[in-house]
Structure formats: C-alpha cells, structure tokens
1. Given the condition over 19 Å from A:Y62 (Cα atoms) and part of a helix (DSSP H, G or I), answer yes or no: does some residue in the range B:34-57 qualify?
2. Does A:E41 satisfy being within 20 Å of B:L66 (Cα to Cα), out of contact with any strand residue (DSSP E or B) (no Cβ under 7 Å at 6 or more places or on another chain) and open to solvent by 40 Å² or more (accessible area, probe 1.4 Å)?
3. Just one of A:L8, A:L71, A:L66, A:L36 is over 29 Å from B:Q21 (Cα atoms) and not hydroxyl-bearing (S, T, Y); which is it?
4. Please indicate, with yes or no, whether at least one residue in the range B:17-31 is surrounded by 11 or more Cβ atoms within 10 Å (Cβ to Cβ) and basic (K, R).
5. Evaluate the range A:51-66: report whether one residue or more is open to solvent by 50 Å² or more (accessible area, probe 1.4 Å), assigned to a helix (DSSP H, G or I), of a type in the set (F, W, Y) and within 16 Å of B:S47 (Cα to Cα).
6. B:E79: charged (D, E, K, R), closer than 19 Å to A:R68 by Cβ and either open to solvent by 90 Å² or more (accessible area, probe 1.4 Å) or within 8 Å of chain A (Cβ to nearest Cβ) (or both), yes or no?
7. So is A:N6 of a type in the set (S, T, N, Q) and either surrounded by 13 or more Cβ atoms within 10 Å (Cβ to Cβ) or in contact (Cβ under 8 Å) with a residue 12 or more places away in the chain (or both) or not?
8. If a residue must be assigned to a helix (DSSP H, G or I) and away from chain B (no Cβ under 11 Å), how many such residues does the range A:18-39 contain?
Amino acid sequence: MASIRNELALANAQELINKTNDKCFLKCVTKPSTALSSSEETCLSRCFDRYMEAFNIVSRTYATRLARERLEGQAQA
Amino acid sequence: MADRFDEATQKELQTFLEREQAQARVQQSIHTFTSMCWDKCITGTPSTRFSRGEESCLANCVERFLDTSLFMVRKIESERGA
C-alpha cells in the first residue's frame, strides 16, 4: 500500500513540475537565445513560486467547496 | 494473486484502492483547475507575490467552473424533460 501511495505522490509531483515548466517557459522565455539570461532566471524563479501558490489556492478553494457541498447534501437528505 | 489473500485483507485492499483512486481524481482536478485558472487570471509577468485581484480571481475561477458544471447538468436535464 505504501508503494502505491508513493507512486501516486510521485506522479502528482511530476505533473506539477511539468505544468510549471510549460507555464513558466511560456511567460519568461519569450525569445530563446543561446543561454538563459539572469532576468529570465529571476522570472522563472518567481513564476515557479507563484505557480505553487496558485496550486495551493486552488487546492484550498476546491477542498472547501467539496466540504460545503457535502454538508448541503447531508442537510437536504 | 487475489485468491491468496483472505477476505478481510481483500476488503482492506479494496477500501484502500477506492480511497486512493478518489484522492487521485481530486488531485487531477486540482491540476486541471490550476492550469486553466492560471491562464485566465495570471496575465502579466510573475512578481514576488500575487496581487489581491489575482488571488481572488484564482479562487473565483474554481468556484465559477464548478457552478458552470452544475449549470450544464441542470440545463441538460431540463432539455431532456421537455
């Protein structure tokens, strides 16, 4: 069971990394040149932090909403 | 392999798998929402923190998407009833 949980956690982390990569490359590396500039690296670093934060905001909002709908479902029953 | 487990263990495994699958579905939804709402709400260059507008947009985006899903279900049901 632990190995299944680990695999799911790994897949989750992988997806997050892939998404961050895609979104932040799009935002920060507008004209690819021969190396990442320091301003591009700064942008990527900030973007990474912001995407993690967005993930957390979405997580909390979704969890709260699910809990609310579960309560409302029980109240109606 | 399943026939080597006793009934109690099989039940425990089944419950575990169902719970992990449900959690995986929630996680996948969170990934989808984050991606979609990032595109909708974070339009400029990322800075050192979100503006309050960006934060509320992200939260609103999730709620409105779920409202939209409910709306569509009701609409389909009402059209079917007619």
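1. The answer is no; no qualifying residue exists.
2. No: the conditions fail for A:E41.
3. Result: A:L36 is the single residue among A:L8, A:L71, A:L66, A:L36 that is over 29 Å from B:Q21 (Cα atoms) and not hydroxyl-bearing (S, T, Y).
4. Checked the range B:17-31: no residue is surrounded by 11 or more Cβ atoms within 10 Å (Cβ to Cβ) and basic (K, R).
5. no
6. No: the conditions fail for B:E79.
7. So A:N6 does not fit the description; no.
8. Selection size over the range A:18-39: 3.
The values are calculated or read from the model by the stated rules, or taken from the named source; none is laboratory data. Owing to the predicted nature of the structure, the values given are computational and were not obtained by experimental measurement. Counting neighbours? That spans all protein chains shown, and the Cβs are built from the backbone with ideal geometry, glycine included. Side chains are part of the model used for accessible areas, which takes the heavy atoms of the whole protein and leaves out ligands, DNA and RNA. Shrake-Rupley method; radii C 1.70, N 1.55, O 1.52, S 1.80 Å.
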